Amino acid sequence: MATKTYSAGVKEYRSTYWEPHYTVKDTDLLAVFKITPQPGVDREEVAAAVAAESSTGTWTTVWTDLLTDLDYYKGRAYKIEDVPGDDTCFYAFVAYPIDLFEEGSMVNVLTSLVGNVFGFKALRALRLEDVRFPIAYVKTCGGPPHGIQVERDIMNKYGRPMLGCTIKPKLGLSGKNYGRAVYECLRGGLDFTKDDENVNSQPFMRWKQRFDFVQEAIDKAERETGERKGHYLNVTA
């Protein structure tokens, strides 16, 4: 049996990460990148570099490569297509094995695909155009714990759309004034209000302060209208 040996130095990305004859698997995550390389940079090399830097590769050979099966875990650039009407760029198709990604973590997927690879010097520009998620990975994503029917049951709202709004200005209100705005919206007829995605726990309004004043506003609006009211709070992961 042949034994892999370590050889220090820099080698071309395409020697490892360019596989034009690769057969895509149903379990592969596929990504399409629009790549504009620096002048004089070979298409296959830069496509392979994107596959490498977004998976297991780096700019030089390291001895720890021998401690795992890189051929199993690496991303593979397997196809290149021209961009119609633009000869300065091209589409590169990359296949990633599903085991590169944490189950159910879109953050991990996006960190891999659009992370440090965008700072690669051989690129003038890079854009992630499309992604195909394998069914095996989609099934690991739990999604929301329940749907609209449970929301209707909680709110006791049936037979019509539920009406809501985002509180504005989205930043700068104190907890007390935020609660006041929530009350006015709910008292005026809305079913629910919600935090803007920018609202977390800033110095002008801490999360606990917002929670307390919003709950007070909901309770007051419910007493005065005789209806269920609600508010969707943004919780930072």
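List of remarks:
- The requirement of being touching an Asp or Glu at 6+ places or on another chain (Cβ under 7 Å) and surrounded by 11 or more Cβ atoms within 10 Å (Cβ to Cβ) is not satisfied by residue 101.
- Selection count where residues are touching a Lys or Arg at 6+ places or on another chain (Cβ under 8 Å) and not in a loop (DSSP other than H, G, I, E, B), scope the stretch 152-167: 5
- Checking each residue in the stretch 204-237 for being of a type in the set (Ser, Thr, Tyr), more than 13 Å from residue 189 (Cα to Cα) and either out of contact with any strand residue (DSSP E or B) (no Cβ under 8 Å at 6 or more places or on another chain) or assigned to a helix (DSSP H, G or I) (or both) picks out only 236.
Yes/no per residue for (1) more than 30 Å from residue 233 (Cα to Cα); (2) in contact with a strand residue (DSSP E or B) (Cβ under 6 Å, 6 or more places away or on another chain); (3) at pLDDT 95 or above:
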residue	(1), (2), (3)
125	yes, yes, no
131	yes, yes, yes
135	yes, no, yes
139	no, no, no
143	no, no, no
147	no, no, no
153	no, no, yes
160	no, no, yes
163	no, no, yes
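- The listed residue being farther than 20 Å from residue 151 by Cα, modelled with pLDDT of 95 or more and in contact with a Lys or Arg (Cβ under 6 Å, 6 or more places away or on another chain), out of 204, 213: 213
- The residues in the stretch 79-98 that are surrounded by 10 or more Cβ atoms within 10 Å (Cβ to Cβ) and either over 13 Å from residue 29 (Cβ atoms) or of a type in the set (D, E, K, R) (or both) can be counted, and the count is 11.
- Search result, residues across the stretch 96-107 that are touching a residue at least 60 places away in the same chain (Cβ under 8 Å) and touching a Gly at 6+ places or on another chain (Cβ under 7 Å): 96
- Any hit, the stretch 183-203, residues being assigned to a loop (DSSP other than H, G, I, E, B), of a type in the set (A, V, I, L, M, F, W, C) and surrounded by 13 or more Cβ atoms within 10 Å (Cβ to Cβ): yes
- Options 163, 70, 123, 110: the member that is surrounded by 11 or more Cβ atoms within 10 Å (Cβ to Cβ) and touching a residue at least 60 places away in the same chain (Cβ under 8 Å): 123
- Per-region count, the stretch 169-199, residues within 29 Å of the chain's Cα centre (by Cα) and within 16 Å of residue 222 (Cβ to Cβ): 2
- Test: residue in the stretch 121-137 that is within 18 Å of the chain's Cα centre (by Cα) and over 19 Å from residue 32 (Cα atoms): yes
- Conditions (1) touching a helix residue (DSSP H, G or I) at 6+ places or on another chain (Cβ under 8 Å); (2) surrounded by 10 or more Cβ atoms within 10 Å (Cβ to Cβ): number failed by residue 171: (1)
- Each residue in the stretch 70-104 was checked for being in contact with a helix residue (DSSP H, G or I) (Cβ under 9 Å, 6 or more places away or on another chain) and more than 14 Å from residue 35 (Cα to Cα), and 18 of them qualify.
The values are calculated or read from the model by the stated rules, or taken from the named source; none is laboratory data. Keep in mind that this is a model prediction, so the values were computed, not measured. A quick note on method: Cβ atoms are made from the backbone with ideal geometry, for glycine too, and the neighbour counts reach across all protein chains shown.
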